[in-house]
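Encoded as structure tokens, the structure appears first; notes follow it.
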Amino acid sequence: MMKSRTVVLNEKRKITLGYFHGTKLENAKSIFSEQEFRFRPRPNHWLGNGVYFFVDDEYQAKWWAGKDGHRETNLPAVLYFPLTISRNELLNLNSIRDLEILDKFAEELFFNFGKVFVEFSELEVQTFHCFLLDYFFRVNNQYKAVRRTFLSTKKEIGLSRFAQLSDQLCVFDQSIIPFSRIKILDI
């Protein structure tokens, strides 16, 4: 006879993964010297306005770094670092629980702002997600980052017939980034 055991999960548990950022070498030099990632805010970022990383996938970061072509003066670069984040600081939109948290937030926005919210929800889906997540992070500042897996923009499918996915992390609060541990990968 098997005994049943109950496990209580602590929301302060830590998650450690490797993160990769594809950029240009000149940008990488600035990141090292300034200890900050700069980004251009825009209304249609997938996960809101923040700094984007590929989760445990250096090949997608390499692809992204070289995607716009490069000249000798603007070579591609891939940055890597391990990041440990508390579960209660990460909005993981790959999990049902966190999707429900975001859905409840959207419901509250709809309840409080009615017609205005409906107008925003009729925007193109990426623009709506960007608006929703930017606002969510302003109101819920215990969260430092959001994670979601998407179908890759590089949609080649080989003989396995599995679609390529892109697991991404968007960091809103750069204080969680261990700048002293960032390394440039050899590409």
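Values quoted throughout were computed directly from the atomic coordinates according to the rules given, and no laboratory measurement underlies them. These numbers were taken from a predicted model, which means no experiment stands behind them. Neighbour counts run over all protein chains shown; Cβ positions are idealised from the backbone, glycine included.
Table for the structure above
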| item | result |
| --- | --- |
| GNM top mover of 40, 97, 138 - the chain, alpha-carbon springs below 10 Å | 40 |
| Longest exposed-site-free window of the chain, the sites being GluC sites (Glu not before Pro) in a DSSP loop that have at most 13 other C-beta atoms within 10 Å | 73-121 |
| Cα-based shape type of the range 100-187, given that a ≥ b ≥ c are square roots of the gyration tensor eigenvalues and the cut on a/c is 1.5 | oblate |
| The chain: DSSP helices with Cα axial extent of at least 20 Å and average Kyte-Doolittle hydropathy no lower than -0.5 | 96-121, 125-139 |
| Sites residue 115 and residue 140 - FRET efficiency at Förster radius 22 Å, r taken between beta-carbons, to 0.05 | 0.40 |
| Of [x] 10.7; [y] 15.5; [z] 10.0, the label for mean projected area of the Cα convex hull in nm² derived from the coordinates | [y] |
| Mean ellipticity per residue at 222 nm, deg cm²/dmol - from DSSP H runs of n ≥ 4 across the chain, formula -39500 (n - 2.57) | -10500 deg cm²/dmol |
